[in-house]
1. Reachable aspartates and glutamates from Lys25, Cα under 12 Å, same-chain residues fewer than 8 places away excluded?
2. Using a Förster distance of 22 angstrom, determine the FRET efficiency expected from the C-beta separation of Ser275 and Asp235, and round it to 0.05.
3. State the label only: which of [x] 1.28; [y] 0.96; [z] 1.18 corresponds to Cα Rg over 2.2 N^0.38 Å computed from the shown model?
4. Give me the accessible area per residue for the range 55-119, probe 1.4 Å, as a whole number in Å².
5. Return, for the Cα atoms of the range 186-227, the radius of gyration and Dmax in Å, separated by a comma.
6. Between Trp27, Trp170, Trp248, find the one with the highest GNM mean-square fluctuation for the chain; connect C-alpha pairs within less than 10 Å.
7. Take the cross-link list Lys8/Lys126; Lys178/Lys256; Lys6/Lys126; Lys115/Lys165; Lys165/Lys249; Lys178/Lys249 and give me the ones stretching past 27 Å between alpha-carbons.
8. Using R₀ = 51 Å, calculate the FRET efficiency as 1/(1 + (r/R₀)^6) where r is the Cβ-Cβ separation of Ala247 and Gln155; round to 0.05.
Amino acid sequence: MRDWEKEKSASDPDAEREELEMLSKDWDWHVRRAVALNPDAPIEILRNLAKDQVQWVREAVAASPRADGEILDLLSEDGDGFVRAAVARNPSTSPVTLSVLSWDEMMDFDYSLSKNRFIVQEEVAKNPSSPEEAIRTLSEHADEGVRAAAVSNPQVPREVLSRRKIDHSWAVRTAVAKSPRVSAEILDDLAADRIQDVRVAVAENPSTPADALASLAIDRDVEIRAAVASNPRADPATLVALSGDWAWKVRETVAKNPAAPEDLVQALAEDLDQSVKKAARARLEG
């Protein structure tokens, strides 16, 4: 039976070192894992827990922001793929170790997607500490999940985004459209994508040009028009047009947009829909 009081003590960032030392040797692995997850756990305790017999404890150590290179290098060779994936996710993991893990083809079945996923390679692909060469290589992976992860990396080379904008997977194209590094030209192209999720991502991206937003403002899909209505780059003319949309959700979003002119918000404060009216009045009072 789990001892919740011990777990609570093990998670307390103000716990004394001596108490954490004792709890790190507790018979219950849940308690030891709580110590490993403690943001102030001493490095010496983490070193010991990195050799714990229970996978979930070692995984917690691998995810710790306090884990140093020695610990992460040790766990990068762990026999359990979830532990190695946690190392690959840790921003403190060295580029050299991430480069090695980029070839780790550990797979796990994702029941929510009903497919196998390359869990270690996906984490390497997303890690901003990963070397550029690894990101480029993983962006060409046969699996769409790995390619999408590489495209989502905040350090992804712009040439990779340009190549992946025509990826056959809509998940990858959506990741391209969400990237803060994507160019206006690519966003213009993706604004005409046939998949709703891609167009929503374009409509939400604050880097999307005003003319592309104007074209999306007349999209047949309500979610896309609402996304445009929330974008701070939408010009006044686009917001005025959307303020007359038949869908209350779109008009409400216009009222909440900080780029909406005050006179437009004042008009929406008299909208027949209560949600729109409430949003506009809250904006005016704020």
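1. Once the sequence-local aspartates and glutamates are set aside, what remains near Lys25 is Asp52.
2. Step by step, r from the Cβ atoms, then E = 0.35.
3. Given [x] 1.28; [y] 0.96; [z] 1.18, the calculated one carries the label [x].
4. Per-residue accessible area for the range 55-119 comes out at 51 Å².
5. When restricted to Cα atoms, the range 186-227 yields Rg and Dmax of 8.5, 23 Å.
6. Most flexible of the set in this elastic network: Trp27.
7. Pairs exceeding the cut-off: Lys8/Lys126; Lys6/Lys126; Lys165/Lys249.
8. Step by step, r from the Cβ atoms, then E = 0.85.
The values are calculated or read from the model by the stated rules, or taken from the named source; none is laboratory data. Everything numeric in this text was worked out from a predicted model, so none of it was measured. Note that each Cβ is placed from the backbone with ideal geometry, even for glycine, and that neighbours are counted across all protein chains shown. The protein model used for the area step is the full one, side chains on, heavy atoms only, and it has no ligands, DNA or RNA in it. Shrake-Rupley method; radii C 1.70, N 1.55, O 1.52, S 1.80 Å.
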